[in-house]
Each structure stands twice: as C-alpha cells, then as structure tokens.
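**Q** Structure incoming, see below.
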Number of protein chains: 2
Amino acid sequence: MPSSSRSPDVLISEVGPRDGLQSVKATMPTADKFRWIDALVASGLREIEVCSFVPAKHLPQMADAAEVVRHALTHPGLTVMALVPNLRGAESALKTGVHKLTIPVSASAAHSLANVRKTREEMIEEVRAIVRLRDQIAPQVKIEAGISTAFGCALQGVVAEDDVVWMASHCIAAGADESGLSDTTGMANPAQVRRLFNRVRAAIGDKTGAAHMHNTRGLGLANCLAAYDVGVRTFDSSLGGLGGCPYAPGASGNVVTEDLVFMFEAMGVSTGVNLEKLMAARAPLMAGLPGEPVYGMTPEAGLPKGWTQAVQAPAALTL
Amino acid sequence: MPSSSRSPDVLISEVGPRDGLQSVKATMPTADKFRWIDALVASGLREIEVCSFVPAKHLPQMADAAEVVRHALTHPGLTVMALVPNLRGAESALKTGVHKLTIPVSASAAHSLANVRKTREEMIEEVRAIVRLRDQIAPQVKIEAGISTAFGCALQGVVAEDDVVWMASHCIAAGADESGLSDTTGMANPAQVRRLFNRVRAAIGDKTGAAHMHNTRGLGLANCLAAYDVGVRTFDSSLGGLGGCPYAPGASGNVVTEDLVFMFEAMGVSTGVNLEKLMAARAPLMAGLPGEPVYGMTPEAGLPKGWTQAVQAPAALTL
C-alpha cells in the first residue's frame with residue numbers, strides 16, 4: 001500500500017510549546033501560540049505538549065495554559081499533552097479535557113530536590129495520587145512519567161542505571177501508563193541509550209515511553225538513532241530546537257524537530273510529518289518570539305536535490 | 001590492562017588543515033599552520049591530512065604544502081596525509097616524504113567532471129598512474145581513493161549505490177590500498193550509511209576505508225555512529241567543523257572533531273585523543289584565521305560534570 005495511507009513508523013511528540021516556551025525569557029502572546037500550534041498540526045504532527053500547569057508566579061509564560069489546551073483540543077486527531085509537576089497541576093489540567101499528562105520525575109536525588117523540591121520517593125507518591133485522581137474524574141486520560149536526568153545530572157554527575165530502572169518500575173507500579181527517559185542536560189551517549197532503554201524495557205515492557213534527547217553536545221540525533229535501534233518509537237523534539245536548559249548559554253537544548261524528521265524520513269522511517277510544512281511552522285514561532293534564536297541544520301541547508309517525501313500531511317491525521 | 005596502554009579502538013583522521021583551510025577565503029600563515037598542527041598532535045591525534053597538492057593559482061591557501069608536510073613529518077608516530085587530485089600533484093607530494101595520499105574520485109558523473117574535469121573512468125586511470133609512480137619512487141606510501149558524493153550529489157541528486165561499489169572496486173583493482181566513502185554535500189542518512197558500507201565491504205573487504213561525513217543537515221554524528229555499527233573504524237573530521245562546502249552558506253560542513261571524539265569516548269570507544277588538549281587546539285586555529293567562525297557543541301557546552309577520560313595523550317603515540 002502507498003506510504004501515504006499506512007500508519008507512520010514513529011511518533012514525533014512536539015514539545016516546543018511547553019519545553020521551548022517555558023525556557024525563554026519572553027512570553028509568547030496567546031494568539032501567537034494558537035497560530036504556532038495550528039501550523040504544527042498542519043504539518044502532520046499528531047502529538048503536541050502544549051503547556052505546563054504550574055503557578056503563573058513561577059512561569060508567567062504558562063499563565064494561559066488552560067486556554068491553550070482548549071484551543072489545541074479543536075484539532076481532531078491531535079493528542080494534546082500537558083506537563084504537570086504535582087497533584088494540584090494535574091487537577092487543573094484534567095479539568096481542561098487534556099488527553100495526556102506527563103509528570104517529570106528525576107532519577108537523580110539532587111535534581112529531584114532542586115527541580116520539584118521532593119525526594120524521588122515523594123514523587124512516586126505524587127504519581128500515585130495523580131493516577132488516583134485521573135481514575136476518578138478522567139479515566140480516559142493517559143499518564144506518562146518522564147524520567148529526568150536519566151543519563152546524567154548536572155548537579156550530582158553520574159546517575160546509576162539501577163536508579164533509573166527503579167524509578168521507571170515504581171512509576172509504572174504506581175499506575176503510570178508509560179515511562180520515558182529524558183537526557184535533561186545532554187549527557188547521554190548512544191551506547192548508554194541502547195543499554196538503558198533495553199534495561200528499562202526488560203523491567204516495564206511495552207510501557208516504555210519516549211526518548212527525550214537534548215542536543216547540548218551535538219549527540220541528539222545520534223542518541224535518537226540509538227534509541228530507534230533498540231525499539232523506541234516515540235521521540236520528543238522541539239521546533240527550531242527551542243528550549244532546553246536555560247543555564248547553559250550557547251548550548252542548544254532540545255533535539256530540533258526539523259532535523260529529526262529529516263533523519264527519519266531520509267532513512268525511510270515514516271513520521272507522518274511533511275517537512276516543508278514543518279519548516280513553514282517556524283514563521284509563526286519566530287513571529288511570536290521576536291529576536292529569539294531558533295536552530296536547525298536542515299532548515300539552514302535546505303532539502304537535498306532530488307528529495308521526495310511520500311507522506312501527504314495531514315492525511316495521516318484522519319485515522 | 002589499563003585503557004591508556006591499549007591500542008585505541010578507532011582512528012580519528014583530522015582533515016582540518018586540508019579540507020578546512022582550503023574551504024575558507026583567508027590563507028592561514030605557514031607558521032600558524034605549524035602551531036595548529038603541533039597542537040593537534042599534542043592532543044593525541046595520530047593521522048592528519050595536512051594539505052593538498054594543487055596549483056597555487058587555484059588554491060593559494062595550499063601554496064606552502066611541501067613546507068607543511070616537512071614540518072608535520074618532524075612529529076614521530078604521526079601519519080602525514082596529503083590530498084592529490086592527479087598524477088602531477090602526487091609527484092610533488094611523494095617528493096616531500098608524505099606517508100599517505102588520498103585521491104578524490106567521484107561516484108557522481110556530474111560531480112567528477114565539475115570537480116576534477118575528468119570522467120570517472122579517467123579518474124580510475126589516474127589512480128592507476130599514481131599507484132605506478134608510488135610503486136617506483138615511494139613504495140612504502142599508502143594510497144586511499146576517497147569516493148566523493150557517495151551518498152548523493154548536489155548536481156545530479158541521487159547517486160546509484162551500484163556506481164559507488166563500482167568505483168570503490170575499480171580503484172582497488174587499480175592498486176589503491178583502501179577506499180573510503182565521503183558524504184560530500186551532507187545528504188547521507190544512517191540507514192544508507194549502514195547499507196552502503198556493508199555493500200562496499202562485501203566488494204573490497206578490509207580495504208574499506210574511512211567514513212568522511214558532513215554535518216550539513218545535522219546528521220554527521222548519527223552517520224558516524226551508523227558507520228561504526230557496521231565496522232568502520234576510521235573517521236574523518238575537522239577541528240571546529242572548519243571546512244566543507246563553501247557554496248552552502250550557513251550550513252556547516254565537516255563533522256566536528258571535538259564532538260566526534262566526545263561521542264566515542266563517552267561510549268567507551270577509545271580514540272587516543274585527549275579532549276581537553278583537543279579543545280586547546282582551537283586557540284591556534286582561531287589565532288591563525290581571525291574572524292573565521294568555528295563550530296562545536298561540546299566546546300560550547302563544556303564537558304559534563306563527572307567526566308573522566310582514561311587516555312593519557314600523547315602516550316598513545318609511543319607505539
């Protein structure tokens with residue numbers, strides 16, 4: 001059957017509107033967020049992390065979270081995700097009708113305290129409480145526990161692989177539907193990615209979630225390739241590489257969605273995303289954040305001579 | 001045995017002084033080239049492509065090629081390489097006492113005519129003539145045929161894999177000691193890299209040479225990983241990513257040596273190169289080419305907390 005009608009091989013989960021926008025100083029106006037999300041959807045992206053539910057005093061960039069979710073929900077076929085750091089955030093998110101929650105839990109004891117001011121054990125209890133609330137008021141919503149600092153921590157350095165497997169297993173035991181691994185500070189390498197995803201899969205099977213890789217030291221795509229090689233099929237990335245660690249000046253953060261989609265499509269691994277339309281989604285991003293640097297090698301170099309892409313986005317959305 | 005005393009797992013072949021310097025407008029003064037090469041050697045690099053032997057009217061940046069070779073030869077244990085596009089260049093190079101020649105031969109018919117004004121068949125005859133000369137006057141010198149545009153061509157688009165295998169096989173039949181594959185314009189993807197290196201190895205066995213990858217669309221390291229996965233153990237790269245295609249503004253060219261070494265060392269694949277000393281070699285590069293942009297994610301981000309590297313460069317040189 002033609003590649004345009006088959007189901008894509010991988011799921012690209014766009015995190016720019018959450019991970020990207022919460023990492024920059026400026027606040028993108030709500031109307032610009034809507035236009036950006038619309039353009040992302042038009043490219044064929046099927047899952048977008050649109051916001052985080054955190055107190056506006058901490059992250060004014062996310063003060064319009066509920067509005068943004070409601071707008072994103074108008075796109076049929078789109079999985080609308082939100083980050084929630086705790087039960088209170090989950091309660092707000094679940095009221096909006098969001099499809100999926102992601103909860104950041106750290107494998108590093110030091111990062112857990114610094115990031116969410118809770119121990120790892122307390123975060124597992126938080127996951128359990130959020131699952132209980134979800135079961136009561138919105139049982140159709142999926143919950144992902146994303147293991148931060150899974151490949152190393154800027155505070156404590158090395159993170160034991162046993163700790164990562166332990167966290168993933170306990171989050172699943174607490175009721176999370178899936179658990180992915182995040183390279184929060186860009187310390188992962190391909191050998192480690194293969195080893196750790198294999199270990200996590202041995203522990204939690206097909207509840208193994210996304211690879212969330214950063215490009216801090218240039219290894220983002222190599223790490224995504226390594227994850228793909230061992231069976232990972234969901235990849236977080238950010239349009240224009242927006243976001244990542246605001247405390248590493250000059251070092252870009254998230255894997256660039258445009259480059260990731262180019263890599264997979266060039267390999268013959270279908271993403272369901274149309275690259276030209278994806279690159280067109282940079283315009284509303286830049287319009288909404290004037291002066292903010294955006295990254296991406298494929299947009300700078302352009303598509304190679306002779307490039308063809310079979311996918312007809314957004315046909316992939318009509319499931 | 002300690003990792004510092006074992007032979008490194010991979011060979012990083014630094015091409016900056018040739019591929020980098022011939023791609024920038026400015027000419028690095030000879031004394032600065034010496035200082036840069038000295039710093040590269042001090043980091044533990046064991047093979048450097050130091051110049052190309054081409055008419056100075058075409059490439060004034062390479063007018064001091066013979067002097068540069070003679071200086072590089074003062075470093076014991078270093079393999080000194082030079083690029084030669086034809087028999088006349090080879091004659092000049094062999095007179096200097098260089099250890100290894102690399103001859104660029106295109107898999108793309110269009111690129112072959114544009115780059116060296118010869119057909120592919122004529123280039124195979126040129127390889128044969130260079131081999132004959134080498135056998136007569138410097139039989140200890142190794143000859144590599146580097147297959148340009150092996151993964152695609154900016155002029156003709158797709159390059160047939162059969163053409164690449166044909167070129168590699170005929171260069172070896174003409175007497176070349178090895179044949180590597182170059183992604184001249186950054187069109188390669190990891191699936192293609194694995195497939196094509198496997199096919200070439202099936203044809204020419206352990207005469208399969210280096211992977212010369214570009215980072216034009218951000219896939220440079222992923223392609224090196226893919227090549228490593230199928231048994232490639234020599235990798236070309238350029239300090240600071242200097243060089244590449246001068247006709248692709250904004251698109252960086254060669255894989256960045258610093259990031260490549262970081263990737264392998266982080267994976268536990270030893271390179272024999274000390275990363276701190278390698279990054280220190282950026283200073284003489286920048287001093288010799290004021291204002292020229294240099295790239296590299298690892299130098300920008302710095303080494304991760306807890307980073308240790310067992311290798312004690314340049315101990316690896318004392319073979």
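**Q** Based on what the data block shows, is B:Asp259 in a helix (DSSP H, G or I) and either at the interface with chain A (Cβ under 9 Å from one of its Cβ atoms) or hydrophobic (A, V, I, L, M, F, W, C) (or both)?
**A** Yes.
**Q** May I ask you to list the residues in region B:183-202 that are outside any loop (DSSP other than H, G, I, E, B) and among the acidic types (Asp, Glu)?
**A** The answer is none; no residue qualifies.
**Q** Something else: State the number of residues belonging to region A:133-182 that are in a loop (DSSP other than H, G, I, E, B) and acidic (Asp, Glu).
**A** Residues in region A:133-182 being in a loop (DSSP other than H, G, I, E, B) and acidic (Asp, Glu): 1 in total.
**Q** Just need a number here: residues in region A:19-31 that are out of contact with any strand residue (DSSP E or B) (no Cβ under 7 Å at 6 or more places or on another chain), touching a residue at least 60 places away in the same chain (Cβ under 8 Å) and under 20 Å from A:Thr79 (Cα atoms).
**A** Total satisfying the criteria: 1.
**Q** May I ask you to list the residues in region A:93-108 that are surrounded by fewer than 22 Cβ atoms within 10 Å (Cβ to Cβ) and touching a strand residue (DSSP E or B) at 6+ places or on another chain (Cβ under 9 Å)?
**A** Answer for region A:93-108, where residues must be surrounded by fewer than 22 Cβ atoms within 10 Å (Cβ to Cβ) and touching a strand residue (DSSP E or B) at 6+ places or on another chain (Cβ under 9 Å): A:Leu94, A:Thr96, A:Gly97, A:His99, A:Lys100.
**Q** Follow-up question, since we're still on this one. Among the residues of region A:19-29, write down those that are surrounded by fewer than 15 Cβ atoms within 10 Å (Cβ to Cβ) and not aliphatic (A, V, I, L, M).
**A** Within region A:19-29, A:Lys25, A:Pro29 meet the criteria.
**Q** While we're on this one: If we keep just the residues of region A:221-240 that are without any contact (Cβ under 8 Å) to a residue 60 or more places away in the chain, small (Gly, Ala, Ser) and surrounded by 24 or more Cβ atoms within 10 Å (Cβ to Cβ), which is nearest to the other protein chains (Cβ to nearest Cβ)?
**A** Here the answer is A:Ala222.
**Q** If only one of A:Gly16, A:Gly77, A:Gly44 is touching a helix residue (DSSP H, G or I) at 6+ places or on another chain (Cβ under 6 Å) and loosely packed, with under 15 Cβ neighbours inside 10 Å, which one is it?
**A** A:Gly77
**Q** Select from region B:266-281 the residues that are touching a Pro at 6+ places or on another chain (Cβ under 7 Å), touching a residue at least 24 places away in the same chain (Cβ under 8 Å) and either surrounded by fewer than 24 Cβ atoms within 10 Å (Cβ to Cβ) or within 14 Å of another protein chain (Cβ to nearest Cβ) (or both) and list them in ascending order.
**A** B:Ser270, B:Thr271
**Q** Which residues, counting only those in region B:170-187, are more than 8 Å from chain A (Cβ to nearest Cβ) and closer than 19 Å to B:Thr234 by Cα?
**A** B:Cys171, B:Ile172, B:Ala176, B:Asp177, B:Glu178, B:Ser179, B:Gly180, B:Leu181, B:Ser182, B:Asp183, B:Thr184
**Q** Quick check on this structure: which one of B:Pro76, B:Pro104 is in contact (Cβ under 8 Å) with a residue 60 or more places away in the chain and over 18 Å from the mean Cα position of the chain (by Cα)?
**A** B:Pro76
**Q** Would you mind stating whether A:Ile12 is touching a Phe, Trp or Tyr at 6+ places or on another chain (Cβ under 9 Å), hydrophobic (A, V, I, L, M, F, W, C), under 20 Å from A:His99 (Cβ atoms) and touching a residue at least 24 places away in the same chain (Cβ under 8 Å)? Even if it seems obvious, please write down each step before you answer.
**A** Values: touching a Phe, Trp or Tyr at 6+ places or on another chain (Cβ under 9 Å): yes; hydrophobic (A, V, I, L, M, F, W, C): yes; under 20 Å from A:His99 (Cβ atoms): yes; touching a residue at least 24 places away in the same chain (Cβ under 8 Å): yes.
Yes.
**Q** If you go through region B:293-305 one residue at a time, do you hit one that is modelled with pLDDT under 90, closer than 22 Å to A:Arg195 by Cβ and more than 14 Å from chain A (Cβ to nearest Cβ)?
**A** No, region B:293-305 contains no residue that is modelled with pLDDT under 90, closer than 22 Å to A:Arg195 by Cβ and more than 14 Å from chain A (Cβ to nearest Cβ).
**Q** If the Cβ limit is 7 Å and pairs must be 6+ apart or interchain, which residue in region A:133-152 that is touching a residue at least 60 places away in the same chain (Cβ under 8 Å) pairs with which residue that is part of a helix (DSSP H, G or I) and among the small types (Gly, Ala, Ser)?
**A** Taking only residues 6 or more apart or on different chains, not a single pair turns up.
**Q** Here's a follow-up. Inspect all residues belonging to region B:142-155 and state whether any of them is within 14 Å of chain A (Cβ to nearest Cβ), in contact with an Asp or Glu (Cβ under 7 Å, 6 or more places away or on another chain) and not charged (D, E, K, R).
**A** So far as region B:142-155 goes, yes, one or more of its residues are within 14 Å of chain A (Cβ to nearest Cβ), in contact with an Asp or Glu (Cβ under 7 Å, 6 or more places away or on another chain) and not charged (D, E, K, R).
**Q** If only one of A:Ser52, A:Ser92, A:Ser43 is under 18 Å from A:Leu289 (Cβ atoms) and touching a residue at least 12 places away in the same chain (Cβ under 8 Å), which one is it? Before you say what the answer is, go through the steps one by one.
**A** Working: A:Ser92 fails: under 18 Å from A:Leu289 (Cβ atoms); A:Ser43 fails: under 18 Å from A:Leu289 (Cβ atoms).
Just a single option satisfies the conditions, and that option is A:Ser52.
**Q** Sticking with this one: Return the pairs, sorted by first residue and then second, in which the second residue is among the charged types (D, E, K, R) and not in a loop (DSSP other than H, G, I, E, B), the first residue lies in region A:167-187 and is farther than 11 Å from A:Ala210 by Cα, the beta carbons are less than 7 Å apart, and the residues are 6+ apart or on different chains.
**A** A:Met167/A:Arg120; A:Ile172/A:Lys207; A:Ala174/A:Arg128; A:Gly175/A:Arg128; A:Ala176/A:Glu144; A:Asp177/A:Lys142; A:Asp177/A:Glu144; A:Asp177/A:Lys207
**Q** Restricting to region A:287-305, name every residue that is surrounded by fewer than 19 Cβ atoms within 10 Å (Cβ to Cβ), without any contact (Cβ under 8 Å) to a residue 12 or more places away in the chain and either in contact with a helix residue (DSSP H, G or I) (Cβ under 6 Å, 6 or more places away or on another chain) or assigned to a helix (DSSP H, G or I) (or both).
**A** Residue satisfying the conditions is A:Glu300 alone.
**Q** What are the residues in region A:21-35 that are outside any helix (DSSP H, G or I) and among the hydroxyl-bearing types (Ser, Thr, Tyr), if any?
**A** A:Ser23, A:Thr27, listed by residue number.
**Q** Hey, could you check region A:188-207 for residues that are touching a residue at least 40 places away in the same chain (Cβ under 8 Å) and under 17 Å from B:Phe262 (Cβ atoms) and say which is nearest to the other protein chains (Cβ to nearest Cβ)?
**A** Checking each candidate, the answer is A:Gln192.
**Q** Does region A:185-204 contain at least one residue that is within 16 Å of the chain's Cα centre (by Cα) and at negative phi?
**A** yes
**Q** Also: Scan region A:107-122 residue by residue and report those that are without any contact (Cβ under 8 Å) to a residue 40 or more places away in the chain and either over 14 Å from A:Leu83 (Cα atoms) or in a loop (DSSP other than H, G, I, E, B) (or both).
**A** A:Ser112, A:Leu113, A:Arg117, A:Lys118, A:Thr119, A:Glu121, A:Glu122 - these are the residues of region A:107-122 that are without any contact (Cβ under 8 Å) to a residue 40 or more places away in the chain and either over 14 Å from A:Leu83 (Cα atoms) or in a loop (DSSP other than H, G, I, E, B) (or both).
**Q** Do we have B:Arg128 as within 14 Å of chain A (Cβ to nearest Cβ), out of contact with any Phe, Trp or Tyr (no Cβ under 6 Å at 6 or more places or on another chain) and either within 29 Å of A:Ala226 (Cα to Cα) or part of a helix (DSSP H, G or I) (or both) here?
**A** no
**Q** Which one of the conditions (1) in a helix (DSSP H, G or I); (2) at the interface with chain B (Cβ under 10 Å from one of its Cβ atoms) does A:Arg217 fail to meet, given that it meets all the rest?
**A** (1)
**Q** Collect the residues in region A:48-74 that are assigned to a helix (DSSP H, G or I), buried (at least 20 other Cβ atoms within 10 Å of the Cβ) and not hydrophobic (A, V, I, L, M, F, W, C), keeping them in residue-number order.
**A** Passing the criteria: only A:Gln61.
The values are calculated or read from the model by the stated rules, or taken from the named source; none is laboratory data. Please read these numbers as outputs of a predicted model, since none were measured by experiment. Glycine gets a Cβ as well: all are built from the backbone with ideal geometry, and neighbour counts include every protein chain shown.
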